[in-house]
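No lab work stands behind these numbers, since they all come straight from the coordinates. These figures come from a predicted structure and were not determined experimentally. As a convention, Cβ positions derive from the backbone with ideal geometry for all residues, glycine included, and neighbour counts pool all protein chains shown.
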Amino acid sequence: MEIPGRDIEVDEDYNPFEHRKLAHPTSDFDTLIHLLKGSLGSGILAMPMAFMNAGLYFGLVATFLIGGICTYCVHVLVKTSHELCFRMQKPSLGFAETAEAAFLSGPPAAHKFSRLAKAMINWFLVIDLLGCCCVYIVFVSKNVKQVVDYHAEDSDWLPHDMNLRYYMVALLPLLILMNLIRNLKYLAPFSMIANLLVATGMAITFYYLFQDIPSMSERSKFAEWERLPTFFGTAIFALEGIGVVMPLENNMKTPTHFIGCPGVLNFGMFFVVSLYALVGFFGYLKFGNLTEGSITLNLPKDEVLGQCVKLMIAVAIFFTYCLQFYVPMEIIWKNVRHLFGAKKNLAEYSIRIGIIILTVCIAVAIPDLGPFISLVGAVCLSFLGLIFPAVIETVAFWDRPNGLGRFNWVLWKNTFLICFGILGFLTGSYVSILDIINGGE
């Protein structure tokens, strides 16, 4: 990407969206389905545990607060990307390319950091989304294991109380087969199926949650201060789908509908945040301090309906793995495909299989669901969801006339977001690592 000098003539009538040439563009509805599937992952089922670490009332308020901040940061990122597309005369920019363009078109002192900015976001995206994939493997395995263990008690041929890690390894062939699909368009049916399974599973889960509801006075209104970092890590993991935002926006037939009013993003995120708050509030209210890392693990083991929920949600999260895997694979392949000559297809499939095996190995090494979720959220999503969008906007508009607004309010606002993200990163990582070392107790 070239540095856009002030002396270069810019086409003032240039419309980036008119120059996008997409082989398989997605409609607004397809994009909404992908956005919901990218956000409605295993995180929603961990929200009761997040409320357990925050308190009933504080967790409710904080969930909507964090959800609003995350949605706002996505707006900032996409709007800045649209502005930079015009400046650079490019039809579309990904997350990392937006960062590179911001530093190249920002103040001269920032130009030399453009490639570093792009590389950092790519690395964080890869680590974040592959971390999510690892969490999904743990989640699916735990739910399937609970169902199998119940039926194995009265069976002579089913293995009873088999180690969780064997279930993770057994998922490997299925994961490899599903993730050989390379076109995002062809993943839409699986996303739809997953959404239907999640909707059905959550409806049944609410049926259990609303039975014999305890009094709210029996639950903590505010948890201990030292547990709040775990809440932050879990909540931001659950609410943040920023890794799939830019690829989805870049693949739309009508990208202006993404952040419009109401827009795909606003509609999708309002639904997601409300549902997460509802699940977290009533899940913790129902099970209290017995709340598991996934609310499905608290459902009755001896009832067919409860077992069906565990299996339906497990299948849905399995399909979500495919959507989450798409982005890191695209990033990695774009950076290494030039190393292979005529055998590009063989090389890509080999890399896909190798990365899937890596995610399974990491999941086998860290099978503690709750601390794992919090760690991924605190480490990666603090940067991707809060810090990087604020930095990108600040750099992009730093030397533009009135770019930072009256009294530099944009600078002050972004400084707050950066500090908030750093605080969440430091405290959330520390507590999550301690929990993993201590076995998640």
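Rounded to whole Hz and in sequence order, give me ³J(HN,Hα) for the stretch 71-77 from the Karplus expression 6.51 cos²θ - 1.76 cosθ + 1.60, θ = phi - 60°, writing x for Gly and Pro.
5, 4, 5, 5, 4, 4, 5
Give the angle, between 0 and 90 degrees and rounded to the nearest 10, that separates the Cα long axis of helix 228-239 from the longest principal axis of the Cα atoms of the chain.
70 degrees
Mind listing the long-range amide H neighbours of M252? Cut-off is under 5 Å, sequence gap 5 or more, other chains count too, H placed in the peptide plane at 1.01 Å from N.
T26
Calculate one ³J(HN,Hα) per residue across the stretch 200-212 by plugging θ = phi - 60° into the Karplus curve 6.51 cos²θ - 1.76 cosθ + 1.60, and present them in order as whole Hz with x for glycine and proline.
5, x, 5, 4, 5, 4, 5, 4, 6, 5, 8, 8, 6
Report, to the nearest 10°, how far helix 164-178 tilts away from the longest principal axis of the Cα atoms in the chain, using its own Cα long axis and a range of 0 to 90°.
50 degrees
Mean separation of Cα pairs under 8 Å and 6+ residues apart, divided by the residue count of the chain: what relative contact order is that in percent?
Details: 648 pairs, mean separation 145.6, N = 441.
Taking the mean separation of contacting Cα pairs over the length of the chain, I get 33 percent.
Using per-residue counts of other Cβ atoms within 10 Å, averaged over each peptide, order 27-33, 209-215 from highest down.
Values: 27-33: 18.7, 209-215: 11.0.
So the peptides 27-33, 209-215, ranked by packing, come out 27-33, 209-215.
Would you work out the relative contact order for the stretch 110-171, in percent, from Cα pairs under 8 angstrom that are 6 or more residues apart? The partial results should precede the final answer.
On the way: 25 pairs, mean separation 17.0, N = 62.
The value is 27 percent.
Going from the alpha-carbon gyration tensor of the stretch 76-192, what semi-axes, largest first and in whole Å, does one get by taking the root of 5 times each eigenvalue?
Values: eigenvalues 421, 51, 23 Å².
Over the Cα atoms of the stretch 76-192, the semi-axes work out to 46, 16, 11 Å.
On a full-extension model of 0.36 nm per residue, what is the gain between S215 and I437, subtracting their alpha-carbon distance, rounded to one decimal in nm?
Values: separation 222, 0.36 × 222 = 79.92 nm, distance 3.47 nm.
Working it through step by step, the gained length comes to 76.5 nm.
At 10 °C and 1.306 mPa s, what whole-number value in µm²/s does Stokes-Einstein give for the translational diffusion of the stretch 257-345, with Rh from the Kirkwood sum over Cα pairs?
On the way: Rh = 17.1 Å.
Once the numbers are plugged in, D ends up at 93 µm²/s.
What is the percent of Cα-Cα separations in the chain that go past 32 Å?
Values: 36409 of 97020 pairs.
That fraction is 38 percent.
For the stretch 245-361, what does the relative contact order come out to in percent, with C-alpha contacts under 8 Å and a separation of six or more? Numbers along the way, then the final one.
Working: 30 pairs, mean separation 11.3, N = 117.
Reported as a whole number, the value is 10 percent.
Under the Karplus relation 6.51 cos²θ - 1.76 cosθ + 1.60, θ = phi - 60°, what is the ordered set of whole-Hz ³J(HN,Hα) values for the stretch 88-105, x standing for Gly and Pro?
Result, ordered by residue: 8, 6, 10, x, 7, 9, x, 4, 5, 5, 4, 4, 4, 5, 4, 6, 6, 9 Hz.
If you average 1/r across every pair of different Cα atoms in the stretch 210-295 and take the reciprocal, what Kirkwood value do you get, in Å? Don't skip to the answer; put the middle values down first.
Values: mean 1/r = 0.0644 Å⁻¹.
Radius from the Kirkwood sum: 15.5 Å.
At 222 nm, what helix-only mean residue ellipticity would the chain give, in deg cm²/dmol to the nearest 500, using -39500 (n - 2.57) for each DSSP H run of four or more?
Value at 222 nm, helices only, nearest 500: -22500 deg cm²/dmol.
How big is the gap, in Å, between the Cα center of the stretch 202-257 and the Cα center of the stretch 392-441?
For the stretch 202-257 versus the stretch 392-441, the Cα centre distance is 20 Å.
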